[in-house]
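Here the structure is laid out as structure tokens; the discussion comes afterwards.
The values are calculated or read from the model by the stated rules, or taken from the named source; none is laboratory data. Not measured: the values here are computed from a predicted model. Neighbour counts run over all protein chains shown; Cβ positions are idealised from the backbone, glycine included.
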């Protein structure tokens, strides 16, 4: 069976089209958990769950226990559900090939010593009344093994890939829209940068935010400041814009605010965001002349933000932007204690921004 998307799997489940094997894997646990939770909460009625739903944890079980549960027939129900959470911790889930087997690309049904593997035996003839769900996080299955080949042949296989940082704002917008709400572009970008790429964390904050936003209103930076604590006036995006405008008064106000509110403005996030910013400024110079939509795609940002990078490119030449990136690497090390002595995080940020804004300052500081 071919790999399926999240939407395909959920659509089938809602239509009560069930499959005996679900193998959910990848670096992004959010969608893995969503699918497993949907199966856990919706396939069986509350009465049926008592006898026909089993949740196992990889570190506590072996393959014989998993397949033993899967082989049971349902009681007073058409189906039973067996969910293996943290399946990556199951010992020998994908047994390594024996020496000399690497060149053997025979069909997964061929005879082999692997047939003694309880998972291989089960996958060759899974029980149609069982939904066996593997939640295999942060790893990929070994498709060279017989179990790996059989999973692709007989199971629903879903890979949950980690989203790149530049995809998060669009994901935020789509998530909010799916809940019947709206969010302004700058607010989506602000949330994405401050909350990072952990979709579970982002969705949780969005859910809380939508409860507190008046019905019919689009989420804006005021809502974010009031409910999440990210200042609409003193944040890293305002810092970037102030740097592009060479507004030194505002730059200093924002840096001082960061120093007084370090919990909500950790230096590591500020450095990471500025690194991404100047990387895009360099890219703007490289792709200068492209139409707005093409430039947005090249930078990996929404069209709305292209004008910000155009303004930044007027202030920072290609060389100045590259120099800023080098400084950010240097001060990232300093923030981790390398050649920084007893300098505070806020003083490091002041020193860094001063050097970025004054190219005549030597790149390597004298320590």
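Let me spell it out: the conditions are (1) assigned to a helix (DSSP H, G or I); (2) free of Cβ contacts under 8 Å to residues at least 60 places away in the same chain, and residue 264 meets all of them except one. Which number is the exception?
(1)
If you scan segment 128-152, which residues turn out to be more than 28 Å from the chain's Cα centre (by Cα) and surrounded by fewer than 19 Cβ atoms within 10 Å (Cβ to Cβ)?
Passing the criteria: 128, 129.
May I ask you to list the residues in segment 300-319 that are free of Cβ contacts under 8 Å to residues at least 60 places away in the same chain and closer than 23 Å to residue 192 by Cβ?
303, 306, 307, 309, 310, 313
Quick one: in segment 176-199, which of the residues that are crowded, with 16+ Cβ neighbours inside 10 Å, in contact with a strand residue (DSSP E or B) (Cβ under 9 Å, 6 or more places away or on another chain) and assigned to a helix (DSSP H, G or I) is modelled with the highest pLDDT?
So, considering only residues that are crowded, with 16+ Cβ neighbours inside 10 Å, in contact with a strand residue (DSSP E or B) (Cβ under 9 Å, 6 or more places away or on another chain) and assigned to a helix (DSSP H, G or I), the one modelled with the highest pLDDT is 176.
Condition check: in the same structural domain as residue 134 (by TED's automatic domain parsing) and farther than 30 Å from residue 165 by Cβ. Does residue 88 satisfy that? Spell out how you get there, then give the answer.
Working: in the same structural domain as residue 134 (by TED's automatic domain parsing): yes; farther than 30 Å from residue 165 by Cβ: no.
So residue 88 fails the test.
Taking residue 127, is it closer than 30 Å to residue 73 by Cα and outside any loop (DSSP other than H, G, I, E, B)? Explain how you work it out, then say what you get.
Values: closer than 30 Å to residue 73 by Cα: yes; outside any loop (DSSP other than H, G, I, E, B): no.
No: the conditions fail for residue 127.
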